[in-house]
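S.K.: Below is one structure. I have some questions about it.
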Amino acid sequence: MNRLLLAALCLSALILAACAPTVLRQTAPTPLRVSFSSAGVLWSEGGRVTLARAPDFRQVQVKVPAGVTAVGWQVAGYERTPWVALGGLGLLLTADGRPVTVQAGRVVALSGTRAYREDGSTAGYDGGAGSGVLGRPDAVVTGGDGADYAVQGGSLYRLGSGGQTFLSGAAQPYLYADLTGAATANAPTAVTPDGRYTLTGAALERRDAAGVLLASLPHPAGVLGVVGNLIVTLQPGGTLRFFAPDLKELRP
């Protein structure tokens with residue numbers, strides 16, 4: 001092979017290498033953490049915390065230090081207080097403008113009554129200690145009966161003063177409160193006296209207690225919850241949508 005041909009081949013290889021697509025390593029997106037209550041919706045995404053209070057649902061950015069590990073609404077009588085957990089700093093902060101800070105340790109989940117730490121132990125929103133679960137919970141919720149429920153390692157537990165009560169060894173990915181306690185499902189789910197609502201990833205569905213499909217409409221993936229008598233969905237990026245119990249879409 002002569003030198004001219006070799007030089008031409010080398011130049012062609014360099015040009016092809018320069019034109020080849022570059023593979024970029026992307027970090028995993030920050031998870032969308034959401035909590036619904038009769039007072040509104042609270043969520044964190046991409047390091048930002050947003051509060052949307054009923055009935056107008058105006059979105060307000062809540063300034064908190066970085067490192068949000070959980071968001072939740074404290075339920076105390078008729079009062080609903082939004083809280084943000086900063087596990088790395090060991091703090092709970094109110095998210096409604098009141099300067100309340102509680103030392104709570106490395107919190108990973110919030111229910112309506114308490115904060116759950118990495119080891120499963122708990123702290124009340126006043127900082128007091130309480131019973132929890134043995135080991136880190138994957139998810140917690142306050143059920144329709146007022147008790148807390150936790151999913152841990154594929155098992156569902158009911159939590160009380162006497163410790164944790166095993167309910168199921170086949171817990172599904174999404175934990176939700178129902179009218180009498182809590183349950184799990186394969187997709188985001190909410191239950192009211194008007195039916196069972198599910199976001200399948202392609203549709204928002206309403207079914208009756210027997211599982212019969214009553215209504216369905218196209219809807220992208222997201223999460224859903226109940227705010228008063230509204231079914232509320234949240235999509236990544238902060239898109240809120242509102243529905244009547246029959247799935248008629250409403251404007252707040």
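S.K.: For the range 143-224, what's the relative contact order in percent, using C-alpha pairs closer than 8 Å and at least 6 residues apart?
M.R.: Working: 174 pairs, mean separation 15.4, N = 82.
Here the relative contact order equals 19 percent.
S.K.: Write down the Å³ per residue value for the convex hull defined by the alpha carbon atoms of the range 34-119. Before the final figure, lay out the partial values.
M.R.: Working: hull volume 7.4 nm³, N = 86.
With only Cα atoms used, the range 34-119 gives 86 Å³ per residue.
S.K.: Find the eigenvalues of the gyration tensor of the Cα atoms of the range 106-252, then list the square roots of 5 times those eigenvalues as equivalent ellipsoid semi-axes, largest first, in whole angstrom.
M.R.: 29, 16, 14
S.K.: Sticking with this one: By how many nm would the segment from Ser216 to Thr165 grow when fully extended, if each residue of separation counts as 0.36 nm and the alpha-carbon distance is taken off? List each step's numbers first, then the result.
M.R.: Working: separation 51, 0.36 × 51 = 18.36 nm, distance 3.58 nm.
Extra length available between Ser216 and Thr165 comes to 14.8 nm.
S.K.: On to the next question. Just the Cα atoms of the chain, one point each, no solvent: what log10 I(q)/I(0) does Debye give at q = 0.10, 0.12 Å⁻¹?
M.R.: After summing over all Cα pairs, the log10 values are -0.52, -0.71.
S.K.: Contact order normalised by length for the chain, with contacts defined as Cα pairs under 8 Å and 6 or more residues apart; what percent is it? Provide the component values of the computation, followed by the final result.
M.R.: Details: 579 pairs, mean separation 23.9, N = 252.
For the chain, the relative contact order is 9 percent.
S.K.: Something else now. What do you get for Rg/Rh over the range 82-134 if you use C-alpha atoms and the Kirkwood form of Rh? Present the calculation step by step, with values, prior to reporting the outcome.
M.R.: Details: Rg = 10.0 Å, Rh = 10.7 Å.
On the Cα set of the range 82-134, Rg over Rh gives 0.94.
S.K.: Using a Förster distance of 45 angstrom, determine the FRET efficiency expected from the C-beta separation of Thr180 and Leu32, and round it to 0.05.
M.R.: On the way: r = 28 Å, r/R0 = 0.62.
So, using R0 = 45 Å, E works out to roughly 0.95.
S.K.: What is the gain in length, in nm to one decimal, between Thr200 and Ala66 on full extension, counting 0.36 nm per residue of separation less the C-alpha to C-alpha distance?
M.R.: On the way: separation 134, 0.36 × 134 = 48.24 nm, distance 3.17 nm.
In short, 45.1 nm is gained.
S.K.: Placing one identical point scatterer on every Cα of the range 54-181 and ignoring solvent, what is log10 I(q)/I(0) from the Debye formula at q = 0.20, 0.21, 0.22, 0.23 Å⁻¹?
M.R.: Reported log10 I(q)/I(0), two decimals: -1.15, -1.24, -1.32, -1.40.
S.K.: In the range 29-81, which chymotrypsin sites (Phe, Trp or Tyr not before Pro) are in a loop and have at most 13 other Cβ atoms within 10 Å, using DSSP for the loop call?
M.R.: On the way: sites: Phe36, Trp43, Phe57, Trp73, Tyr78; in loops: Phe57, Tyr78.
Those satisfying the criteria are Tyr78.
S.K.: Compute the distance in nm between two label points, each set 7 Å from the Cα along the Cα-to-Cβ direction, one at Leu134 and one at Arg251.
M.R.: 5.5 nm
S.K.: Here is a further query. When you have a sec, figure out the Kirkwood radius of the range 61-100 from all distinct Cα pair distances and drop it here in Å to one decimal? Could you put the intermediate results ahead of the total?
M.R.: Numbers: mean 1/r = 0.0945 Å⁻¹.
Computed over Cα pairs of the range 61-100, the Kirkwood hydrodynamic radius comes out at 10.6 Å.
S.K.: Turning to a different aspect of this structure: Report, in degrees rounded to the nearest 10, the 0 to 90 angle that the Cα long axis of helix 3-19 makes with the longest principal axis of the chain.
M.R.: The helix 3-19 is inclined about 20 degrees to the chain.
The numbers here are math on the coordinates, done by the rules we state, and not lab data. Here the structure is a predicted model, which means the values were calculated and not measured. So basically every Cβ, Gly included, is an ideal-geometry build from the backbone, and we count neighbours across all protein chains shown.
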